[in-house]
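Worksheet: the structure to be examined is printed underneath.
The values are calculated or read from the model by the stated rules, or taken from the named source; none is laboratory data. Fair warning: this is a prediction, and the values are worked out from it, not measured in the lab. Ideal geometry is used to build each Cβ from the backbone, glycine not excepted, and the neighbour counts take in all protein chains shown. Surface areas here come from the heavy atoms of the whole protein model, side chains and all, with no ligands, DNA or RNA. Shrake-Rupley method; radii C 1.70, N 1.55, O 1.52, S 1.80 Å.
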Amino acid sequence: MNVFLTSNIYRLTLLFLLVLPFNVFSQDVTLDKVEPPFWWTGFKNPDLQLLVYGKNIASTTVSVDYPGFALKKVHKVENPNYLFLDLTIGSAARPGSATIIFKLNDKVVGKYIYELKARKNGSAQRKSFTSEDVIYLLMPDRFANGDATNDNIAGMAEPLNRANQDGRHGGDIKGISDHLDYFQDLGVTALWINPLLENNMVKYSYHGYSTTDYYKIDPRFGTNDDYVKLGDAIHQHGMKLIMDMIFNHCGVGHWWMKDLPSKDWINQWPEFTRTNYRAGTFTDPYASQSDSNMFVRGWFDNTMPDLNQTNPYLKNYLIQNSIWWIEYAGLDGIRQDTHPYPFKEMMAEWGKRLLEEYPNFNVVGECWLNYPASVAYWQKGSKNKDGYDSWLPTVFDFPLYDALNKAFSESEGWNTGIVRLYEILAQDFSYPNPNNIVVFADNHDVNRYLDSQKDDVRKLKMAMAYILTTRGIPEIYYGTEILMTTGPDKSGDGTKRKDFPGGWAGDSRNAFTAQGRTETENDMYNYLRKLIHWRNSSEVVHTGKFRHFIPADGIYVYFRYDLKNTVMVVINNNEDAKTIETKRYNEFLKKFKTGNEIISGNTLNDLSKLTIQGKSVAIIELK
Ligand code: CA
C-alpha cells in the first residue's frame, strides 16, 4: 500500500514537471522544448547551454532563481522561435529543481522546472571498452522483436513491413535485453548497438542513421527509460554498452528542419549536393578546395542534411548531447559515425570535452580510409604535420579489414595472400596507440565476411581466430556465429542486415539455442565461443606485445607475449596441411618445451616441428 502511494505521488510529481514546460504562455508565445531537458551537478565544466524552442520565445526575458545556478547570457538567433541560454552550475549548486522564468512585458508568463540531478558515484572515473573486450555489433531492428506492441506507433511515418528488406522489421530494445544470457554464453563483453534514436523517416528508417530527435529513443525500439534499463542490465551481466552517434547529419524528418534556428545550422547549397565521400581530402596535401569543400559540406544523402558544426550553438548542442547520454544511460563507450565528415575542429573539441569529464572513456570513430597513415591521422596523439589532434582515442582498422577480406582467398605472392596481414601491421608505426584500434572482418555496411569468402567457413574461422589474437579490440558482427550470409540476393544493404532466426514469434527455428542451430552453425558457434572465452581470460592477448615473422610458403607466425605468458599463432593459408620446422622462431620458442593448442585442446610435446591443417589457425599457449 505504501509503495503504491509513494509511486503515485512520484508519478504526479513527474506529471507536474512534464506538463509545466509545455504551458502556452499566451496566444503569441509558446515553449515547446528545452534541451538538454535536464542536467547534473558536479561536472568539471560548470557551463551549460540550453536550446529553448517555442513560438516567439525570443520576445521573452529570462531569469533563473536557484542557488549556484546562474544565467550568464541569453542569445537570440535569426529565428525568433529560439533562445540559447548560457548558464553556470557553480560549486554552491545542489541537486534539485531550478526554475527558469520567462517574462513578457515584465509579467511572468511561464516557468520551466529545470532539474539538476546528482551524478552517480564513480561516474567520472567509469571504465570504458578496451582491448580486454570483444565487441558484438548488432542492428536492433533486425536482431529480435521482444515487443510486438511497439511495431507500429501512431505518428511514426514508416510502419512495419517485414517482407521489405529495406523496411522496418520490428526488432527492439526488449529483443536485446531478452538475449543477454545469449551474449554471455557466446562470451562477448561489449554491445555496440546501431543507432536507437528516433528516426521518423518515411523510408529506410530501420537503420537509424537519420536522427530526427537527439534526445529520444525511437518509440518503435522502446522508451528512454527502456534504454537506461538495458544499460543497467548489460552492466549486471558484466558487459559494456557502446552507443552509436551521428554528428555529420540528421534526417530530413528532424523537428528542427521545419524551422531552423538559423540558415547556417545546416550546410546549404543552391541545389542538392552530395558529399564525394573522399575522406582522404582532409589529409591530401594536394586536395583542391572544391573537393575538400564538397567532402565536408556536401550532404551524405538527400534525406540526410549536412549539419554545420561550426555553428557555435549546434557545436554545444551536440557535445552536451553526448555527455547527457553518457551520464543518463551509463554508457561505456561511443561509436561515432562518419567521423571525418563533420568539421574536424569541432570533433576535436568534442573528444577533448568528453575526456575531460570521463578520463577513461573510449570513443571509436568510423574513419573509413584505406591506408594506415590516413586512419592514423585521426587517432588521438597522432603527430600530424598540420598540428591537428583529433582527441579520438580509437579508430576502426579499415586497412586491415580490407587485407583480411583478400588474404585467405588469393594465391600467395609477393604482395598477395597472407602477406597482406603482415604488411598492414608492419605500418603500425603510424598509429599513436596500435592496441587501441578496433579490428573486424565485417560490419553492417559491408559484405558479410562469409559472402566475400564464397561461403568458405574455414576462412571465416581463420578471420575470427586472427581478429581475436592480433593487437587491438575485436568486433564481431551479429549472425557471424551462425554463419549468416546475404543469401542468393546479394544486392542492397538490407541483405547484410537480416533478421536473426528466432528473434520473432513464429520464426521457423530459434538459432539462439543449440537445438535451433544446424550442425554446421553449432560448429561455428562453438568455435567462436571457445576462442572468445579463452581470449577473455588471456591477458597476454589483451595487452601483450606483438611480434611477427615474414610469411613464407603461405605460413604466417606471430607471438603475443608479456612477462608471464607467450602465445604463438600459426596461420596456414595453404589448402593442404603443412609441417613446419620451428627453429626460425627460436627467439621465442627456445624458452619453452611444450604447448597447448587452444582450439583442438591438444598438448604439443615437441615444439621443433608443428603440423597445421590447411586453411586453419593454430593458437598455442607455450609452457
Ligand atoms: Ca517490436
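Is it the case, given these coordinates, that K111 is at pLDDT below 95, under 26 Å from E327 (Cβ atoms) and surrounded by 13 or more Cβ atoms within 10 Å (Cβ to Cβ)? Against the criterion (at pLDDT below 95, under 26 Å from E327 (Cβ atoms) and surrounded by 13 or more Cβ atoms within 10 Å (Cβ to Cβ)), K111 qualifies.
Being within 16 Å of the ligand (Cβ to nearest atom) and either out of contact with any Leu (no Cβ under 8 Å at 6 or more places or on another chain) or of a type in the set (D, E, K, R) (or both) is the requirement here; does N161 meet it?
Numbers: within 16 Å of the ligand (Cβ to nearest atom): yes; either out of contact with any Leu (no Cβ under 8 Å at 6 or more places or on another chain) or of a type in the set (D, E, K, R) (or both): yes.
It is true that N161 is within 16 Å of the ligand (Cβ to nearest atom) and either out of contact with any Leu (no Cβ under 8 Å at 6 or more places or on another chain) or of a type in the set (D, E, K, R) (or both).
Of the residues making up the stretch 149-158, those that are surrounded by fewer than 21 Cβ atoms within 10 Å (Cβ to Cβ) and within 11 Å of the ligand (Cβ to nearest atom) are T149, D151, N152, I153. Remark: pairs (first residue in the stretch 164-185, within 17 Å of Y525 (Cβ to Cβ); second residue of a type in the set (K, R) and surrounded by fewer than 20 Cβ atoms within 10 Å (Cβ to Cβ); Cβ separation under 9 Å; 6+ apart in sequence or on different chains) = D185/R529.
In the stretch 287-301, of all residues being charged (D, E, K, R) and not in a strand (DSSP E or B), the one that is surrounded by the fewest Cβ atoms within 10 Å (Cβ to Cβ) corresponds to D291. Inspect the stretch 498-508 for any residue being at pLDDT 95 or above, surrounded by fewer than 19 Cβ atoms within 10 Å (Cβ to Cβ) and among the basic types (K, R) and give the result as yes or no. Scanning the stretch 498-508 turns up at least one residue that is at pLDDT 95 or above, surrounded by fewer than 19 Cβ atoms within 10 Å (Cβ to Cβ) and among the basic types (K, R). Go through (1) surrounded by fewer than 19 Cβ atoms within 10 Å (Cβ to Cβ); (2) on the phi > 0 side of the Ramachandran plot; (3) of a type in the set (G, A, S) and name the single condition G208 misses. Only one criterion in (1) surrounded by fewer than 19 Cβ atoms within 10 Å (Cβ to Cβ); (2) on the phi > 0 side of the Ramachandran plot; (3) of a type in the set (G, A, S) is unmet by G208, namely (1).
Within the set D178, D133, D185, D166, the sole residue that is within 16 Å of the ligand (Cβ to nearest atom) and of a type in the set (D, E) turns out to be D178. Just one of (1) in the same structural domain as M139 (by TED's automatic domain parsing); (2) free of Cβ contacts under 8 Å to residues at least 24 places away in the same chain; (3) open to solvent by 20 Å² or more (accessible area, probe 1.4 Å); (4) touching a Lys or Arg at 6+ places or on another chain (Cβ under 9 Å) fails for K240. It is (2). Might you let me know whether the stretch 458-475 holds any residue that is among the aliphatic types (A, V, I, L, M), closer than 27 Å to M139 by Cβ and open to solvent by 10 Å² or more (accessible area, probe 1.4 Å)? Taking every residue of the stretch 458-475 in turn, none turns out to be among the aliphatic types (A, V, I, L, M), closer than 27 Å to M139 by Cβ and open to solvent by 10 Å² or more (accessible area, probe 1.4 Å). For D284, state whether it is closer than 30 Å to T149 by Cβ and free of Cβ contacts under 8 Å to residues at least 12 places away in the same chain. Spelling it out, it is not the case that D284 is closer than 30 Å to T149 by Cβ and free of Cβ contacts under 8 Å to residues at least 12 places away in the same chain. If only residues of the stretch 579-605 that are open to solvent by 90 Å² or more (accessible area, probe 1.4 Å) and outside any strand (DSSP E or B) are counted, the one that is nearest to L404 (Cα to Cα) is R584.
When you check G146 against the structure, is it in contact (Cβ under 8 Å) with a residue 24 or more places away in the chain, part of a loop (DSSP other than H, G, I, E, B) and either basic (K, R) or within 11 Å of the ligand (Cβ to nearest atom) (or both), yes or no? Yes, satisfied.
Each residue in the stretch 259-274 was checked for being surrounded by fewer than 18 Cβ atoms within 10 Å (Cβ to Cβ) and either part of a strand (DSSP E or B) or assigned by TED's automatic domain parsing to the domain that holds I217 (or both), and 1 pass. For G231, indicate whether it is of a type in the set (G, A, S), in contact with an Asp or Glu (Cβ under 9 Å, 6 or more places away or on another chain), within 16 Å of the ligand (Cβ to nearest atom) and touching a residue at least 12 places away in the same chain (Cβ under 8 Å). The answer is no for G231.
In the condition set (1) buried (at least 18 other Cβ atoms within 10 Å of the Cβ); (2) over 16 Å from the mean Cα position of the chain (by Cα); (3) not aromatic (F, W, Y), L191 is compliant with all but (2).
Just one of D106, D86 is more than 16 Å from the ligand (Cβ to nearest atom) and at pLDDT below 95; which is it? Break it down stepwise before answering.
Numbers: D86 fails: at pLDDT below 95.
Among D106, D86, only D106 is more than 16 Å from the ligand (Cβ to nearest atom) and at pLDDT below 95.
Residues to consider are S91, S123; find the one that is assigned to a loop (DSSP other than H, G, I, E, B), small (G, A, S) and at pLDDT below 95. Just one listed residue meets the conditions, S91.
Across the stretch 440-457, what is the total count of residues that are within 13 Å of A403 (Cα to Cα) and open to solvent by less than 10 Å² (accessible area, probe 1.4 Å)? Can you show your working first?
First, pick out the residues of the stretch 440-457 that are within 13 Å of A403 (Cα to Cα): 440-442, 449, 452-453.
Keeping just the survivors that are open to solvent by less than 10 Å² (accessible area, probe 1.4 Å) gives 440-442, 449, 453.
Summing the residues that are within 13 Å of A403 (Cα to Cα) and open to solvent by less than 10 Å² (accessible area, probe 1.4 Å) in the stretch 440-457 gives 5.
So, F512, is that one in contact (Cβ under 8 Å) with a residue 24 or more places away in the chain, closer than 22 Å to V446 by Cβ and touching a Phe, Trp or Tyr at 6+ places or on another chain (Cβ under 6 Å) or not? Answer is no for this residue.
A search for C-beta distances below 8 Å between a residue of the stretch 290-305 that is without any contact (Cβ under 8 Å) to a residue 12 or more places away in the chain and any residue that is outside any loop (DSSP other than H, G, I, E, B), counting only pairs 6+ apart in sequence or on different chains, returns S292/T281; S292/F282.
Rundown of residues vs (1) assigned to a helix (DSSP H, G or I); (2) touching a Lys or Arg at 6+ places or on another chain (Cβ under 9 Å); (3) more than 21 Å from L392 (Cβ to Cβ), yes/no style:
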site	(1), (2), (3)
G253	no, no, yes
M257	yes, no, yes
Y277	no, no, no
P285	no, yes, yes
T310	no, no, no
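Taken over the stretch 527-565, the criterion of being loosely packed, with under 15 Cβ neighbours inside 10 Å and of a type in the set (S, T, N, Q) is satisfied by S537, T543. Looking at the stretch 48-88, which of its residues are part of a helix (DSSP H, G or I) and among the small types (G, A, S)? Across the stretch 48-88, the qualifying residues are A58, S59.
Filtered by the rule that a residue be in contact with a helix residue (DSSP H, G or I) (Cβ under 7 Å, 6 or more places away or on another chain), under 26 Å from G238 (Cα atoms) and not β-branched (V, I, T), the stretch 320-356 gives S322, Y328, A329, G330, L331, L354. All of (1) within 16 Å of the ligand (Cβ to nearest atom); (2) open to solvent by 30 Å² or more (accessible area, probe 1.4 Å) hold for I217 with one exception: (2).
Looking at K127, is it touching a residue at least 12 places away in the same chain (Cβ under 8 Å), open to solvent by 30 Å² or more (accessible area, probe 1.4 Å) and touching a Pro at 6+ places or on another chain (Cβ under 7 Å)? Explain how you work it out, then say what you get.
Working: touching a residue at least 12 places away in the same chain (Cβ under 8 Å): yes; open to solvent by 30 Å² or more (accessible area, probe 1.4 Å): yes; touching a Pro at 6+ places or on another chain (Cβ under 7 Å): no.
No; evaluated as a whole, the condition is false for this residue.
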